[in-house]
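In what follows, a single structure is set out as C-alpha coordinates and then discussed.
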Amino acid sequence: MAYYPAELVKEVQEIIEQDGTTLGPVNAFTQVLDKLKAAKVVYTAEEVSPSLVGDHPDNRGKLGLNPFNVHRNGATIKRAGADRQQLAKATCVELCPMEPLRTMQLDVNRQLIDGSDGLLAPLSGSERYLSVGCGHTVAFFCAALASCKTPQDSIADSSGCLNVQALCEGDAELQSLFDKGWSWTVIPWQAEATWPRLPDLAQRALNASHGVAARASELETASTI
(Lines give C-alpha, C1' and ligand atoms only; values in the text may rest on other atoms or scores of the structure.)
Protein backbone atom coordinates (compact mmCIF):
# COMPACT_ATOMS: atom_id res chain seq x y z
CA MET A 1 0.00 0.00 0.00
CA ALA A 2 1.37 3.43 -0.98
CA TYR A 3 0.92 6.03 1.76
CA TYR A 4 2.76 8.92 0.09
CA PRO A 5 3.54 10.20 -3.43
CA ALA A 6 6.20 8.17 -5.21
CA GLU A 7 8.44 11.20 -5.72
CA LEU A 8 8.43 12.02 -2.00
CA VAL A 9 9.17 8.39 -1.12
CA LYS A 10 12.12 8.41 -3.53
CA GLU A 11 13.54 11.74 -2.34
CA VAL A 12 13.37 10.86 1.34
CA GLN A 13 14.84 7.41 0.78
CA GLU A 14 17.76 8.91 -1.13
CA ILE A 15 18.57 11.18 1.80
CA ILE A 16 18.31 8.33 4.29
CA GLU A 17 20.73 6.30 2.19
CA GLN A 18 23.26 9.14 2.33
CA ASP A 19 23.39 8.85 6.11
CA GLY A 20 26.84 7.63 7.07
CA THR A 21 28.30 8.34 3.64
CA THR A 22 28.00 11.93 2.40
CA LEU A 23 25.78 13.06 5.29
CA GLY A 24 25.94 12.66 9.03
CA PRO A 25 22.77 11.68 10.93
CA VAL A 26 21.98 15.23 12.07
CA ASN A 27 22.20 16.67 8.56
CA ALA A 28 20.34 13.73 7.03
CA PHE A 29 17.49 13.87 9.53
CA THR A 30 17.20 17.64 9.23
CA GLN A 31 16.80 17.34 5.47
CA VAL A 32 14.29 14.51 5.82
CA LEU A 33 12.30 16.43 8.41
CA ASP A 34 12.20 19.52 6.21
CA LYS A 35 10.77 17.48 3.35
CA LEU A 36 8.21 15.73 5.55
CA LYS A 37 7.11 19.02 7.09
CA ALA A 38 6.75 20.61 3.67
CA ALA A 39 4.62 17.65 2.57
CA LYS A 40 2.58 17.91 5.81
CA VAL A 41 3.53 14.37 6.78
CA VAL A 42 4.85 15.13 10.26
CA TYR A 43 2.81 17.22 12.67
CA THR A 44 3.01 18.84 16.10
CA ALA A 45 1.00 17.45 18.99
CA GLU A 46 0.51 20.04 21.73
CA GLU A 47 0.44 19.36 25.47
CA VAL A 48 1.14 15.65 25.22
CA SER A 49 0.91 14.00 28.63
CA PRO A 50 4.01 11.93 29.52
CA SER A 51 1.75 8.93 30.08
CA LEU A 52 1.02 8.85 26.34
CA VAL A 53 4.66 8.29 25.36
CA GLY A 54 6.63 5.05 25.43
CA ASP A 55 10.07 4.26 24.00
CA HIS A 56 10.63 3.32 20.36
CA PRO A 57 12.29 -0.09 19.90
CA ASP A 58 15.01 1.51 17.72
CA ASN A 59 15.96 4.06 20.36
CA ARG A 60 19.54 4.09 21.62
CA GLY A 61 20.76 1.53 19.10
CA LYS A 62 17.89 -0.80 20.11
CA LEU A 63 19.12 -0.83 23.72
CA GLY A 64 16.28 1.42 24.81
CA LEU A 65 16.17 3.48 27.97
CA ASN A 66 18.84 3.33 30.63
CA PRO A 67 16.90 3.56 33.92
CA PHE A 68 19.79 5.24 35.74
CA ASN A 69 20.10 7.89 33.03
CA VAL A 70 16.35 8.45 33.30
CA HIS A 71 16.73 9.42 36.95
CA ARG A 72 19.99 11.28 36.34
CA ASN A 73 18.14 13.45 33.82
CA GLY A 74 15.46 14.10 36.41
CA ALA A 75 18.03 15.17 38.97
CA THR A 76 19.60 17.51 36.42
CA ILE A 77 16.25 19.09 35.59
CA LYS A 78 15.44 19.59 39.27
CA ARG A 79 18.85 21.07 40.00
CA ALA A 80 18.88 23.46 37.01
CA GLY A 81 15.17 24.26 36.96
CA ALA A 82 12.67 23.22 34.30
CA ASP A 83 12.81 24.96 30.93
CA ARG A 84 10.24 24.03 28.32
CA GLN A 85 12.49 25.30 25.54
CA GLN A 86 14.98 22.52 26.30
CA LEU A 87 12.30 20.06 25.13
CA ALA A 88 11.88 21.70 21.72
CA LYS A 89 13.34 18.70 19.92
CA ALA A 90 11.03 16.16 21.55
CA THR A 91 10.18 13.78 18.70
CA CYS A 92 8.19 10.57 18.56
CA VAL A 93 6.66 8.06 16.19
CA GLU A 94 3.02 7.04 16.42
CA LEU A 95 2.44 3.65 18.00
CA CYS A 96 1.55 1.36 15.14
CA PRO A 97 -2.14 0.36 15.12
CA MET A 98 -1.40 -2.79 13.10
CA GLU A 99 -0.54 -6.19 14.49
CA PRO A 100 1.85 -7.83 15.12
CA LEU A 101 4.02 -4.69 15.15
CA ARG A 102 1.93 -2.91 17.79
CA THR A 103 2.30 -5.74 20.30
CA MET A 104 6.02 -6.02 19.56
CA GLN A 105 6.54 -2.30 20.21
CA LEU A 106 4.71 -2.50 23.52
CA ASP A 107 6.47 -5.73 24.51
CA VAL A 108 9.85 -4.02 24.06
CA ASN A 109 8.71 -1.39 26.55
CA ARG A 110 7.46 -4.01 28.98
CA GLN A 111 10.83 -5.77 28.85
CA LEU A 112 12.64 -2.52 29.65
CA ILE A 113 10.27 -1.85 32.55
CA ASP A 114 10.50 -5.40 33.91
CA GLY A 115 14.30 -5.19 33.86
CA SER A 116 14.49 -1.78 35.54
CA ASP A 117 14.07 -3.02 39.13
CA GLY A 118 11.23 -0.59 39.73
CA LEU A 119 12.96 2.51 38.32
CA LEU A 120 10.67 2.79 35.28
CA ALA A 121 6.91 3.31 35.41
CA PRO A 122 4.54 0.58 34.22
CA LEU A 123 2.81 1.19 30.91
CA SER A 124 -0.23 3.41 31.37
CA GLY A 125 -2.32 1.59 28.78
CA SER A 126 -2.95 4.88 26.98
CA GLU A 127 0.29 5.05 25.01
CA ARG A 128 -0.08 6.65 21.57
CA TYR A 129 3.52 7.58 20.78
CA LEU A 130 7.05 6.14 20.97
CA SER A 131 9.93 8.51 21.63
CA VAL A 132 13.02 8.79 19.45
CA GLY A 133 14.18 12.03 21.10
CA CYS A 134 13.60 13.20 24.69
CA GLY A 135 12.93 9.60 25.74
CA HIS A 136 14.87 9.61 29.00
CA THR A 137 13.21 12.85 30.05
CA VAL A 138 9.65 11.72 29.39
CA ALA A 139 10.41 8.42 31.12
CA PHE A 140 11.49 10.38 34.21
CA PHE A 141 8.17 12.23 34.25
CA CYS A 142 6.34 8.91 33.99
CA ALA A 143 8.45 7.47 36.80
CA ALA A 144 7.66 10.45 38.99
CA LEU A 145 3.94 10.24 38.28
CA ALA A 146 4.10 6.56 39.27
CA SER A 147 6.11 7.38 42.44
CA CYS A 148 8.90 5.03 41.39
CA LYS A 149 11.91 4.54 43.61
CA THR A 150 14.99 6.51 42.56
CA PRO A 151 18.76 6.01 42.96
CA GLN A 152 19.23 9.81 42.96
CA ASP A 153 19.33 11.00 46.57
CA SER A 154 18.82 14.64 45.56
CA ILE A 155 15.30 13.95 44.26
CA ALA A 156 14.24 11.12 46.57
CA ASP A 157 11.67 11.57 49.31
CA SER A 158 12.02 10.03 52.78
CA SER A 159 11.05 6.62 51.42
CA GLY A 160 13.53 6.77 48.53
CA CYS A 161 10.86 7.43 45.93
CA LEU A 162 9.93 10.23 43.54
CA ASN A 163 7.26 12.62 44.72
CA VAL A 164 5.77 15.03 42.20
CA GLN A 165 4.66 17.56 44.81
CA ALA A 166 8.13 17.73 46.34
CA LEU A 167 9.83 17.87 42.95
CA CYS A 168 7.69 20.79 41.80
CA GLU A 169 8.05 22.87 44.96
CA GLY A 170 9.21 26.33 43.88
CA ASP A 171 9.21 25.39 40.16
CA ALA A 172 5.99 26.39 38.42
CA GLU A 173 7.36 25.40 35.01
CA LEU A 174 8.06 21.86 36.19
CA GLN A 175 4.56 21.67 37.67
CA SER A 176 3.13 22.78 34.32
CA LEU A 177 5.07 20.08 32.48
CA PHE A 178 3.69 17.44 34.83
CA ASP A 179 0.14 18.80 34.57
CA LYS A 180 -0.04 19.55 30.85
CA GLY A 181 2.88 17.82 29.19
CA TRP A 182 4.65 19.50 26.29
CA SER A 183 4.76 19.69 22.49
CA TRP A 184 6.13 16.85 20.37
CA THR A 185 7.02 16.54 16.71
CA VAL A 186 5.15 13.42 15.61
CA ILE A 187 6.13 11.06 12.79
CA PRO A 188 3.08 9.06 11.65
CA TRP A 189 3.24 5.28 11.79
CA GLN A 190 2.76 5.22 8.01
CA ALA A 191 6.07 7.06 7.62
CA GLU A 192 7.87 4.33 9.56
CA ALA A 193 6.18 1.73 7.35
CA THR A 194 7.36 3.62 4.25
CA TRP A 195 10.90 4.35 5.47
CA PRO A 196 11.79 1.65 8.04
CA ARG A 197 15.18 3.25 8.77
CA LEU A 198 13.63 6.61 9.66
CA PRO A 199 13.20 6.03 13.44
CA ASP A 200 16.81 4.90 13.77
CA LEU A 201 18.03 7.93 11.84
CA ALA A 202 15.88 10.20 13.99
CA GLN A 203 17.10 8.78 17.31
CA ARG A 204 20.77 9.01 16.30
CA ALA A 205 20.37 12.60 15.12
CA LEU A 206 18.38 13.73 18.15
CA ASN A 207 20.46 11.90 20.73
CA ALA A 208 23.62 13.34 19.18
CA SER A 209 22.40 16.91 19.55
CA HIS A 210 19.83 16.90 22.35
CA GLY A 211 21.02 18.99 25.27
CA VAL A 212 19.76 16.68 28.02
CA ALA A 213 20.61 13.37 26.34
CA ALA A 214 23.23 11.17 27.92
CA ARG A 215 26.42 10.46 26.01
CA ALA A 216 26.20 7.24 24.00
CA SER A 217 27.87 4.32 25.69
CA GLU A 218 30.29 2.04 23.85
CA LEU A 219 27.65 -0.71 23.85
CA GLU A 220 25.02 1.66 22.41
CA THR A 221 27.41 2.81 19.68
CA ALA A 222 28.28 -0.77 18.80
CA SER A 223 24.60 -1.72 18.68
CA THR A 224 23.86 1.20 16.35
CA ILE A 225 26.68 0.21 14.03
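Quick look at the values:
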read-out: Accessible area (Å², per residue) of the chain, counting only protein heavy atoms and a probe of 1.4 Å; value: 49 Å²
read-out: Relative contact order (%) - criterion: Cα under 8 Å, at least six apart; region: the stretch 28-143; value: 42 percent
read-out: Whole-number percent relative contact order across the chain, with pairs defined as alpha carbons under 8 Å at least 6 apart; value: 35 percent
read-out: Residue of Pro188, Pro100, Pro25 that the Gaussian network model of the chain assigns the largest fluctuation, springs spanning Cα pairs under 10 Å; value: Pro100
read-out: Part-to-part distance (alpha-carbon centres) for the stretch 123-151 and the stretch 160-195, which is given in Å; value: 8 Å
read-out: Helix-only [θ]222 nm of the chain, DSSP H runs n ≥ 4, -39500 (n - 2.57) each, per residue, nearest 500; value: -14000 deg cm²/dmol
read-out: Förster radius 22 Å - calculated FRET efficiency between Gln190 and Gln86 (Cβ-Cβ, nearest 0.05); value: 0.15
read-out: Amide H contacts under 5 Å for Gly133, placed H, 5+ residues apart; value: Thr91
read-out: Percent of beta bridges antiparallel (DSSP, the chain, rounded to nearest 5); value: 55 percent
read-out: Estimated distance in nm for a label pair at Val26 and Asn163, the labels positioned 7 Å out from Cα along Cα-to-Cβ; value: 4.1 nm
read-out: Estimated FRET transfer efficiency (Glu14, Lys62; beta-carbon r; R0 22 Å; 0.05); value: 0.35
read-out: Accessible carbon and sulfur surface of the chain relative to its total accessible area, %, 1.4 Å; value: 52 percent
read-out: Identified option (computed Cα extents along the principal axes in Å; candidates (1) 87, 39, 31; (2) 58, 33, 32; (3) 57, 52, 47); value: (2)
read-out: Mean projection area, nm², convex hull over Cα of the stretch 1-42; value: 3.0 nm²
read-out: Residues whose placed amide H lies under 5 Å from that of Tyr43, excluding near-sequence neighbours; value: Val186
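The values are calculated or read from the model by the stated rules, or taken from the named source; none is laboratory data. Please read these numbers as outputs of a predicted model, since none were measured by experiment. We place every Cβ from the backbone using ideal geometry, glycine too, and count neighbours over all the protein chains shown. Only protein heavy atoms, including side chains, enter the accessible area calculation; ligands, DNA and RNA are left aside. Shrake-Rupley method; radii C 1.70, N 1.55, O 1.52, S 1.80 Å.
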